[in-house]
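Undergrad: First, the structure itself, so that you have it in front of you.
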Amino acid sequence: MNYAAIARRPELVPSSKFKVYTEKHLDKISQLDILPSQLRDEIRVVAKILPFRVNQYVLDQLIDWDNAETDPMFILTFPQRDMLAPESFNRMAELVRSGADNKAIHALATQLRQQLNPHPAGQMELNVPSLDNEQLSGMQHKYHETVLFFPSQGQVCHSYCTFCFRWAQFVGDKSLRFSSGEVDGLYAYLKRHKEVSDLLLTGGDPMVMKTHHLKYYLEPLLDRSVRHVQTLRIGSKALTYWPHRFVTDDDADDLLRLLERLVKAGKHVAFMAHFNHWRELEAKMTRRAIQRIRATGAEIRCQGPLLANINNDATVWSRMWREQVRLGLIPYYMFVERDTGARRYFEVPLTRALQVYQQAYQSVSGLARTVRGPSMSAAPGKVQVQGVTEINNEKVFLLRFLQARNENWTQQPFFARFDENATWLDDLKPAFGQNQFFFEEEFRQILNERQAFDHLPN
Ligand SMILES: *Cc1c(COP(=O)(O)O)cnc(C)c1O
Ligand code: SF4
């Protein structure tokens with residue numbers, strides 16, 4: 001296809017090229033000057049601890065600066081005071097005010113980050129696959145049909161989300177910097193694992209990569225030896241933070257040709273786009289990017305967490321899902337905010353998450369009801385809160401696995417005592433006086449075996 005035909009309209013040519021600001025450059029962001037000075041100071045303090053990165057396009061086109069304090073796009077990207085416990089905030093504020101040097105600030109930041117559960121749900125240790133006894137870094141294989149790959153050039157994002165569960169790697173926690181720069185291990189593993197139907201490229205945001213890097217990782221997918229890998233998924237928030245990637249970047253057309261080649265070769269190519277608010281779907285450049293991606297034959301599926309202070313409102317979700325369907329996108333997952341980082345600011349009780357999901361779901365057509373949630377990505381699997389009900393006079397949550405470490409657990413209903421304050425699976429207790437959930441025994445066994453396996457030659 002001639003992508004020039006899906007024109008780069010003149011009004012879409014960006015006024016500036018990609019330009020990024022981090023904590024060091026906060027003073028250079030001119031829009032901040034109109035904010036109350038106290039708010040500016042708070043941003044400075046919190047940005048010492050949580051990741052901060054934003055680009056000019058987000059600053060100029062997405063954030064509503066007249067209403068910054070309640071603007072979802074502002075809260076999505078700028079650190080807020082209440083993201084830290086008051087004590088942590090005060091300690092850092094004090095240190096910054098005292099004119100302490102970088103070393104002292106860095107030391108306190110490291111200490112305070114430890115209180116924010118930087119390593120949630122055993123992602124890294126538990127799910128790293130091995131080949132001939134060799135651990136394959138930069139990969140995760142948790143659910144048997146899907147392998148995750150973290151290309152080393154894709155471990156940042158065009159901007160950072162303040163709620164990101166991968167935040168620790170963005171502030172330099174090397175133990176979490178989890179990536180691979182080589183494809184041989186990946187494809188050797190895929191060749192051996194015929195049960196794998198999906199390859200999921202993730203990050204960071206793999207769309208920060210140049211097309212020639214993407215080619216290097218993706219062209220081997222065209223080989224007959226991995227024809228069982230039917231689907232390529234790409235996790236990305238570039239449609240929000242840098243839609244130019246698909247429209248006006250120098251290698252945008254090459255990128256689309258690459259996607260089209262994969263589609264023509266019979267692969268299902270799915271963009272797993274991350275959206276939190278319908279506002280993200282309004283930008284002209286985003287609309288253009290969506291049209292261009294869809295013209296390649298790739299699908300765009302949408303997922304994102306439910307967040308206090310950003311989208312804790314059923315009408316925000318229903319409007320977002322309707323808008324997605326209108327633009328030809330497919331609503332896919334609504335997640336529960338994970339138990340890490342700035343969760344104290346974003347977390348929502350499970351009972352509230354369910355209410356938002358149900359109310360939003362009730363008001364959209366069947367085409368938007370492809371979305372499943374609220375779902376917790378926990379160590380045993382993705383657990384969906386399906387409902388609250390009463391059985392034998394006990395108020396309970398009805399739960400099920402959408403994905404599970406053992407596929408036999410998937411879809412089995414189970415029950416937890418209702419708890420209006422619970423925000424995560426760990427807070428839940430089994431209902432009906434049972435002392436554990438049906439999967440717990442087996443889960444412990446899997447963990448033990450896995451540890452034994454890691455130490456044994458096989
Ligand atoms: C969510 C997830 C997947 C994909 O699950 P689907 O339900 O197939 O979308 C794969 N691996 C991990 C580790 C995940 O968290
Ligand atoms: S785009 Fe995704 S990976 Fe990047 S900061 Fe946001 S949530 Fe995290």
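Undergrad: Say we look at the range 153-174 and pick out the residues that are within 15 Å of ligand 2 (Cβ to nearest atom) and outside any loop (DSSP other than H, G, I, E, B); which of these is surrounded by the fewest Cβ atoms within 10 Å (Cβ to Cβ)?
TA: My answer is Q153.
Undergrad: Give the range 331-361 a look and list any residue that's among the aliphatic types (A, V, I, L, M) and part of a strand (DSSP E or B), or say none.
TA: Result: M334, V336.
Undergrad: Residues of the range 234-265 being in contact (Cβ under 8 Å) with a residue 60 or more places away in the chain and within 16 Å of ligand 1 (Cβ to nearest atom), which ones?
TA: The answer is K237, and nothing else.
Undergrad: Next up: When the residues of the range 118-127 are narrowed to those that are surrounded by fewer than 18 Cβ atoms within 10 Å (Cβ to Cβ) and closer than 17 Å to G172 by Cβ, which ends up modelled with the lowest pLDDT?
TA: Once the filter is applied, the top-ranked residue is M124.
Undergrad: OK, next. Which one of these is in contact with a His (Cβ under 6 Å, 6 or more places away or on another chain), closer than 24 Å to V147 by Cα and either among the acidic types (D, E) or modelled with pLDDT of 95 or more (or both): G266, G297, G304, G235?
TA: Among G266, G297, G304, G235, only G304 is in contact with a His (Cβ under 6 Å, 6 or more places away or on another chain), closer than 24 Å to V147 by Cα and either among the acidic types (D, E) or modelled with pLDDT of 95 or more (or both).
Undergrad: Next question, about the same structure. Scanning for something surrounded by fewer than 18 Cβ atoms within 10 Å (Cβ to Cβ) and touching a residue at least 60 places away in the same chain (Cβ under 8 Å), does the range 75-95 turn up at least one residue?
TA: Scanning the range 75-95, I find at least one residue that is surrounded by fewer than 18 Cβ atoms within 10 Å (Cβ to Cβ) and touching a residue at least 60 places away in the same chain (Cβ under 8 Å), so the answer is yes.
Undergrad: Which residues, taken from the range 284-296, are over 19 Å from T370 (Cβ atoms), more than 16 Å from ligand 2 (Cβ to nearest atom) and not charged (D, E, K, R)?
TA: M285, Q291, A295, T296 - these are the residues of the range 284-296 that are over 19 Å from T370 (Cβ atoms), more than 16 Å from ligand 2 (Cβ to nearest atom) and not charged (D, E, K, R).
Undergrad: Just checking, which of L218, L256, L262 is in a helix (DSSP H, G or I) and within 21 Å of K284 (Cα to Cα)?
TA: L256
Undergrad: If you go through the range 97-151 one residue at a time, how many are over 19 Å from G204 (Cα atoms), in a strand (DSSP E or B) and hydroxyl-bearing (S, T, Y)?
TA: Qualifying residue count for the region: 1.
Undergrad: Can you tell which of Y357, Y345 is within 30 Å of T162 (Cβ to Cβ), among the hydroxyl-bearing types (S, T, Y) and in contact with a helix residue (DSSP H, G or I) (Cβ under 7 Å, 6 or more places away or on another chain)?
TA: Only one candidate passes the filter, namely Y345.
Undergrad: Does A289 satisfy the criteria of being under 22 Å from the mean Cα position of the chain (by Cα) and surrounded by 20 or more Cβ atoms within 10 Å (Cβ to Cβ)?
TA: yes
Undergrad: Among the residues of the range 23-54, write down those that are among the acidic types (D, E) and either surrounded by fewer than 17 Cβ atoms within 10 Å (Cβ to Cβ) or closer than 15 Å to L76 by Cα (or both).
TA: Residues satisfying the conditions are D27, D33, D41.
Undergrad: Still on this structure, I have one more. Any idea which of G185, G204 is assigned to a helix (DSSP H, G or I), crowded, with 17+ Cβ neighbours inside 10 Å and at pLDDT 90 or above?
TA: G185
Undergrad: Only residues that are away from ligand 2 (no atom under 13 Å from the Cβ) and not acidic (D, E): list them for the range 141-150, please.
TA: Result: H141, K142, Y143, H144, T146, V147, F149.
Undergrad: Kindly indicate whether any position in the range 270-291 is assigned to a strand (DSSP E or B), in contact (Cβ under 8 Å) with a residue 24 or more places away in the chain and touching a Gly at 6+ places or on another chain (Cβ under 8 Å).
TA: Scanning the range 270-291 turns up at least one residue that is assigned to a strand (DSSP E or B), in contact (Cβ under 8 Å) with a residue 24 or more places away in the chain and touching a Gly at 6+ places or on another chain (Cβ under 8 Å).
Undergrad: Hey, among I446, I391, which residue is at pLDDT below 95, farther than 20 Å from D313 by Cα and β-branched (V, I, T)?
TA: I446
The values are calculated or read from the model by the stated rules, or taken from the named source; none is laboratory data. Keep in mind that this is a model prediction, so the values were computed, not measured. Ideal geometry is used to build each Cβ from the backbone, glycine not excepted, and the neighbour counts take in all protein chains shown.
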